[in-house]
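Notes follow the structure.
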Amino acid sequence: MTAIASESVRFSDVIAHEYAPNIAYCREVITAYEASEVDYVVGTVLGKYLVSGSATAVAGGSNTGNGTMGSITVSAWAIPGVYTLRITVAASNAGAFEIINEAGARVGTGNVASAFVGAGLAFTLADGSTDFAAGDIFYITVTGTEKWKRVEATALDGTQIARAIYIGGLTPSTAYNTSTIAAPTDTSVL
């Protein structure tokens, strides 16, 4: 049978509502980056990862303990923002802590003077000459450039988590609902 006509994919095929009353329009320009050339069609599910991530830590002004934060390694799946490290259990030359993200969710737990790996961060909180008290805090600020690519279930860089849906390119074309993401080039898409 010969096709008489075809219809391109429309936004409404993948998006029920583009406007959320509490946050306004849900459309954002993002930077897609793929290792090899890929065509995105409307509905392509994207994951986010961090490029050139870094972190700094600042002790709370009223901390009892005088321990220090070692250097912080940031992985690609860390999420930029300010995390709060809070001492939950005080102990002589030891203790336990939790890490809280900006949304108020606990994203990890660890021990003073032991290596911590979680939430895309790796560091050691060293014990000082004065032990930490429950409630002592450090603020960890994670920064970096976020990029997006197709969701990959086996990825370990954060793109295994679905975070966005591709809805179009920025420039008009005959195939407005498809963008070719050239490798290795940053491409802005919606």
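Here is how the numbers come out for the structure above:
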{"quantity": "Segment I165-S92, length gained on full extension (0.36 nm per residue, minus Cα span)", "calculated": "21.3 nm"}
{"quantity": "Within-15-Å neighbourhood charge of A134 [Cβ basis; K, R +1; D, E -1]", "calculated": "-3"}
{"quantity": "Compactness relative to 2.2 N^0.38 Å, alpha carbon Rg of the stretch 83-135", "calculated": "1.08"}
{"quantity": "Relative frequency of Cα-Cα separations exceeding 18 Å in the stretch 39-149, percent", "calculated": "49"}
{"quantity": "Neighbour net charge for R106 - beta-carbon separation under 10 angstrom, K R +1, D E -1", "calculated": "0"}
{"quantity": "Simple Cβ-charge dipole of the stretch 89-190, Lys/Arg +1 and Asp/Glu -1, about Cα centre, in debye nearest 20", "calculated": "460"}
{"quantity": "T185-T31 pseudo-label distance in nm [points 7 Å out on the Cα-to-Cβ vector]", "calculated": "1.6"}
{"quantity": "Y139-V82 pseudo-label distance in nm [points 7 Å out on the Cα-to-Cβ vector]", "calculated": "0.3"}
{"quantity": "Formal net charge of residues neighbouring R86 (Cβ-Cβ distance under 12 Å; K, R +1; D, E -1)", "calculated": "-1"}
{"quantity": "More than 14 angstrom apart: percent of Cα pairs within the stretch 89-177", "calculated": "75"}
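Here, each number is a calculation from the coordinates, and none is a lab measurement. The model shown is predicted, which means the values in this text are computed figures rather than measured ones. Methodologically, a virtual Cβ is constructed for each residue, glycine included, from the backbone with ideal geometry; neighbour enumeration extends over all protein chains shown.
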